[in-house]
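Every number here is computed from the coordinates shown, using simple stated rules; none is lab data. Just so you know, these numbers come straight off a predicted model, no measurement behind them. Positions of Cβ are backbone-derived with ideal geometry, glycine not excepted, and every protein chain shown enters the neighbour counts.
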Amino acid sequence: MARKLNLRIWRGDSTNGALQDVVVDANEGEVVLDVIHRVQATQMGDLAVRWNCKAGKCGSCSMEINGKPRLACMTQVSAYGDDETITVTPLRAFPVIKDLVTDVSFNYKKAMEIPAYSHPANLKPGEARMEQVDVERSQEFRKCIECFLCQNTCHVIRDHEENKKSFAGPRFFIRIAELDMHPLDTLKNRKKTAQEEHGLGMCNITKCCTEVCPEHIRITDNAIIPMKERVVDEKYDPLRWLGSKIRKREGIV
Amino acid sequence: MTNLEKYKYDVVIIGAGGAGLRAAVEARESGLSVAIICKSLFGKAHTVMAEGGAAASMGNVNSGDNWMVHFRDTMRGGKFLNHYRMAELHAKESPDRIWELEVWGALFDRTKEGKISQRNFGGHEYPRLAHVGDRTGLELIRTMQQRIVGLQQQDARDYGDAESHMKVFAELTVTEIIKENGKVAGVYGYWRESGSEVLFEAKSVIIATGGVGKTFKITSNSWEGTGDGHALALKAGANLVDMEFLQFHPTGMVWPPSVRGILVTESVRGEGGILTNNVGERFMFKYIPEVFKNIYADNEAEADRWYLDQDNNRRPPELLPRDEVARAINSEVKAGRGTEHGGVFLDVSKRLSAEVIKKRLPSMWHQFYELAGVDITKEPMEVGPTCHYVMGGVEVEPDTAAAVGVPGLFAAGEVAGGMHGSNRLGGNSLSDLLVFGRRAGMGASEYAKKNDDNPASDASVSAAAARIQAPFSRTGGENAYSLHAELQEVTHNLVGIIRTGVELQEAIEKIAAIRARSANISVSGDRKFNPGFHLAFDLDNMLLVAESTAKSAILREESRGGHTRDDFPGMNNKWRQVNHISSFDGNKVNVKAQALPPIPKELFDLFDVHELEKYMTPEEITKGGSN
């Protein structure tokens, strides 16, 4: 059942590197991570690759396969032609550490900049009541496995290192949207800070992030666009602005 | 040692899964400084793979539930080998631990009244598992990960630095727990990225490293499940309890080969999935053991009615505890009634609509569709047993999670032993790591507050450093990848789901031989992010775990829970009074028998005495519990 597969692997570090060709056995049903592991065990003992669950649940084995951001554990070898060479390279938006492993600390820094969930002070543990339909909106975003493929593919930062400072990226727009839509979160102005502090306005909704999401989260349609629309409403619509102030004064959220 | 990277914390936690993160929150909230060390990136721990839910007797779906029912179910599931006090604390405290997650932002699925919804699972009398679809573990990890970020944001406001009091050290492997004057002094390890070494001095150390699945060939565990904490504890002078008990989850994927072992959540059966063999027989009715005959349906009609009316029908046998289901599947396959690829069929498509399946079991649908080309809304899955969980682990004091015999050392979560007895119920793992993660955080904080600094000596540091350098100083030695594959063959074939004395003896000898060869592992390349180098240390841990498991298994001459002896079929009530304690003498693992702590009268009295007669000796029954 095994066939010979031509695999081209980028090897190197932050200073230099190059693509290396190897021929490796591939069996029926195997994914790209399987053949990378076989190369590691038999030909390149020190080949660096991140992985954990090998079941599409942890988001560790993100890389670019024939130029497309993908999870290596969820990419079947059979998706490529028998004679096709499969090329694996590290995520381009982040600095290379070694081989297929990149420095994704940018994402953890951004996570630190988003204020945490804020529970109503008077609501004790066990007292929360929420409708299923209301939690589902945020639950979609909480499916995120933090593979950072959306961050990697987003052209705002992929080719513009200088934007990283002021742009949190799609993963953190859905984090903000999740908190903004959380039925109990008490922190106001999440949309406004998304716009003013996290660079929501720099996104021009090309939907590249949605396309690469292995969890099929509708990042653009369900998180980014609704936040953009409402932030615009609040910014420019004086009546809506007034309405929100009056409601707040009366204590109605 | 002058250039050595050094840190000093009150509490160091090894592992950033559910137990480690819950411990970290507790320790930081008690005012102490905390280091969280993990082998992977923050948020990738194996806990994210937990699917079904967290068991807690909140009574949201059936108000008949309470901690006593949960306690009874847990003890039955573990065949009464559980440490009664751990099972008691767990049953009493898990509802509070779930509700607390909501305060930190968790979004569980809801009931019609807007409370946290609870689902059925094997061995649980009532719907008890708080869940989020079939990705509950991910919800737990994200909630606590974000809680930790929240605490760091508070530190940034109070002290001007988010990492002033709590820091995550990701992609760092701990190779040694350092002791001075008989007490914990810290830990030593290396950054996986650079290979450079790090010393953490700490008063308390919490081990929360999870399981040992990678010791086996077919497993649902991620690469991190290499028994690091079990081995670190043994080497530090702590004990492991009941390492013969391993849970083979009945339903892992079996085809294609590359996905063999990946978990198929028990929720599939909880939601109505049935198991059939290759002649279409719903075979579980043949495998209801005597002790469970009064609570499981013995015919299809009643089993099917149970999904609609749980008060007046007995449960379907697909929801027996995991050990029973795994053995049944194993027997069917051995008898030639398995599927083409050596599993059995699991079908949920006949009971639920495609829409409901995709909603309640989204990641299962996704997993089978993408990896096996199977649409579970239309066709059955092929499933078979996979090594999933180790019941055995570090012997701890139940209330504080303190490791017996090593002052300053604590353990919580899968790496700790005793809680689940001989078999864990599904859903009891996520609640276990919350309950005992918190208790370990409390125990470690209390200890750190009471004890003075205990600096690591130069001698200890030099010895730890020499051990890390060793594989680089050899050339042309053994290949860590090959030795790991050999070990997995041995455990799979000889220490697996069905065992015999002869095979276990062979396993003990083979494991010792692999261990001898592993002393001669050499590594290619340099220290920078070098998986071959990393595996050399993981393998050393797995070898100790395997030795402890095989040596405990050969002594237990009965079949109970996650330990089945072909040469000693059936449970023996005398063996219920025995724990197996593993210790390490520097060369090998030694296992001795130790009496199980007797169940106190108030817990004894929670059971019908006729049920206890199935598990206890007449003398124990007459005594009626201690005190």
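Across segment B:185-195, in residue order, what do the Karplus-derived ³J(HN,Hα) couplings come to in whole Hz, using 6.51 cos²θ - 1.76 cosθ + 1.60 with θ = phi - 60° and x for Gly and Pro?
Computed from phi, the couplings for segment B:185-195 are 10, x, 9, 10, x, 9, 6, 5, 5, 9, x Hz.
Between segment B:583-627 and segment B:219-243, what is the separation of their alpha carbon centroids in Å?
Using only Cα atoms, the two centres lie 24 Å from each other.
I'd like the distance separating the alpha-carbon centroids of segment B:138-180 and segment B:51-71, in whole Å.
For segment B:138-180 versus segment B:51-71, the Cα centre distance is 31 Å.
Grab the alpha carbons of segment B:475-577, take their convex hull, and tell me the volume per residue in Å³.
Given the Cα convex hull of segment B:475-577, per-residue volume reads 98 Å³.
Using just the alpha carbons, could you tell me how many Å³ per residue the convex hull of segment B:198-254 encloses?
With only Cα atoms used, segment B:198-254 gives 113 Å³ per residue.
Got a sec? How would B:SER349, A:SER166 order by Cβ neighbour count within 10 Å, fewest to most?
With the fewest neighbours first, B:SER349, A:SER166 line up as A:SER166, B:SER349.
Is the protein assembly as shown rounded, prolate or oblate when judged by the Cα gyration tensor, a ≥ b ≥ c being the square roots of its eigenvalues, rounded requiring a/c under 1.5 and prolate requiring a/b larger than b/c? List each step's numbers first, then the result.
Values: a/c = 1.29, a/b = 1.14, b/c = 1.13.
In terms of gyration-tensor shape, rounded.
Roughly what would the spin-label model give for A:GLU162 and B:ASP567, points 7 Å off Cα along C-beta, in nm?
Roughly 7.6 nm, to one decimal.
Under unit Cβ charges (Lys, Arg +1; Asp, Glu -1), what dipole magnitude, rounded to 20 debye, does segment B:250-385 have relative to its Cα centre?
Dipole about the Cα centre, nearest 20: 140 debye.
Would you compute, for the Cα atoms of segment A:3-102, the largest minus smallest coordinate along each principal axis and list the three values in descending order, in whole Å?
36, 29, 24
Apply the a/c threshold of 1.5 to the C-alpha gyration tensor of chain A and tell me whether it is rounded, prolate or oblate. Don't skip to the end; give the middle numbers.
On the way: a/c = 2.75, a/b = 2.18, b/c = 1.26.
Prolate.
Over segment A:161-218, what is the relative contact order in whole percent, taking alpha-carbon pairs under 8 Å and six or more residues apart?
Values: 31 pairs, mean separation 21.7, N = 58.
This gives 37 percent for segment A:161-218.
With each run of n ≥ 4 DSSP H residues scored as -39500 (n - 2.57), what mean residue ellipticity at 222 nm is computed for chain B after dividing by its residue count and rounding to the nearest 500 deg cm²/dmol?
-11000 deg cm²/dmol
Quote the relative contact order of chain B in percent (integer), defining contacts as alpha-carbon pairs under 8 Å separated by 6+ residues.
Relative contact order of chain B: 20 percent.
With label points built 7 Å along Cα→Cβ from the Cα atoms of B:HIS341 and B:GLN154, find their separation and express it in nm.
In this crude label model, B:HIS341 to B:GLN154 measures out at 4.8 nm.
Mind jotting down the three principal axis lengths of chain B based on Cα atoms? Whole angstrom, largest first.
74, 57, 54
Note down the magnitude of the dipole of the protein assembly as shown about its Cα centre, charges +1 on Lys and Arg C-beta and -1 on Asp and Glu C-beta and zero elsewhere, to the nearest 20 debye. Don't skip to the answer; put the middle values down first.
On the way: 109 positive and 119 negative charges, 246 e Å.
Dipole size: approximately 1180 debye.
Karplus couplings for segment B:97-109 from phi (6.51 cos²θ - 1.76 cosθ + 1.60, θ = phi - 60°), rounded to Hz, Gly and Pro as x?
Result, rounded to whole Hz: 5, 6, 4, 4, 5, 5, 5, 9, x, 4, 10, 7, 5.
With just the Cα atoms defining each centre, how far is segment B:307-361 from segment A:32-52? Give it in Å.
Segment B:307-361 and segment A:32-52 have Cα centres separated by 35 Å.
Over its Cα atoms, what ratio of radius of gyration to 2.2 N^0.38 Å does segment B:339-390 give?
Against the compact-globule rule of thumb, the ratio is 1.19.
Pull up the cross-link candidates among the aspartates and glutamates for A:LYS192, meaning alpha carbon to alpha carbon under 20 Å and not fewer than 8 places away within one chain.
Straight-line reach from A:LYS192, under 20 Å: A:GLU113, A:GLU178, A:ASP180, A:ASP221, A:GLU229, A:ASP233, A:GLU234, A:ASP237.
So how tilted is helix B:136-159 from the main axis of chain B? Cα-based, degrees 0 to 90, rounded to 10.
Approximately 30 degrees, to the nearest 10.
Which FRET efficiency value, to the nearest 0.05, is calculated for A:ILE225 and A:TYR108 with the Förster distance at 25 angstrom and r the Cβ-Cβ distance?
That pair, A:ILE225 with A:TYR108, gives E of 0.40.
Among A:SER60, B:SER30, B:SER626, what is the fewest-to-most ranking by other Cβ atoms within 10 Å? The partial results should precede the final answer.
Working: A:SER60 27, B:SER30 17, B:SER626 13.
Lowest to highest Cβ neighbour count: B:SER626, B:SER30, A:SER60.
With a ≥ b ≥ c the root eigenvalues of the C-alpha gyration tensor of segment B:250-385, is it rounded (a/c under 1.5), prolate (a/b larger than b/c) or oblate? If you can, show how the numbers build up before the last one.
Working: a/c = 2.02, a/b = 1.25, b/c = 1.62.
Verdict is oblate for segment B:250-385.
Quick test of your reading: applying the under-4.7 Å Cβ rule, which cysteines of chain A are isolated?
If one checks each Cβ against the other cysteines of chain A, A:CYS61, A:CYS73, A:CYS144, A:CYS147, A:CYS154, A:CYS203, A:CYS208, A:CYS213 turn up with nothing under 4.7 Å.
Going by alpha carbons, how many degrees (0 to 90, nearest 10) lie between the helix axis of B:458-469 and the longest principal axis of chain B?
So the helix axis and the longest Cα principal axis differ by about 60 degrees.
Taking the number of other C-beta atoms within 10 Å as the exposure measure, put B:TYR307, B:TYR126 in order starting with the fewest.
By the 10 Å Cβ count, ascending: B:TYR307, B:TYR126.
Using +1 at the C-beta of Lys and Arg and -1 at the C-beta of Asp and Glu, which of B:LEU555, B:VAL198, B:LEU107 has the Cα lying farthest in the positive direction of the dipole of chain B?
My answer, from the dipole projection, is B:VAL198.
Taking +1 at the Cβ of each Lys and Arg and -1 at the Cβ of each Asp and Glu, which of B:PRO362, B:LEU275, B:PRO385 sits farthest along the dipole of segment B:250-385 towards its positive end, judged by Cα position relative to the Cα centre?
Farthest along the dipole direction, towards plus: B:PRO385.
As I understand it, the dipole of chain A uses +1 on the Cβ of Lys and Arg and -1 on the Cβ of Asp and Glu, about the Cα centre. Which of A:VAL39, A:PHE172, A:VAL23 lies farthest toward its positive end?
It is A:PHE172.
Among the listed pairs B:LYS510/B:LYS574; B:LYS112/B:LYS359; A:LYS165/B:LYS167; A:LYS143/B:LYS350; A:LYS110/B:LYS44; B:LYS183/B:LYS450, give every one whose C-alpha distance is greater than 25 Å.
Numbers: B:LYS510/B:LYS574 30 Å; B:LYS112/B:LYS359 16 Å; A:LYS165/B:LYS167 22 Å; A:LYS143/B:LYS350 27 Å; A:LYS110/B:LYS44 17 Å; B:LYS183/B:LYS450 13 Å.
In this structure, B:LYS510/B:LYS574; A:LYS143/B:LYS350 exceed 25 Å between Cα atoms.
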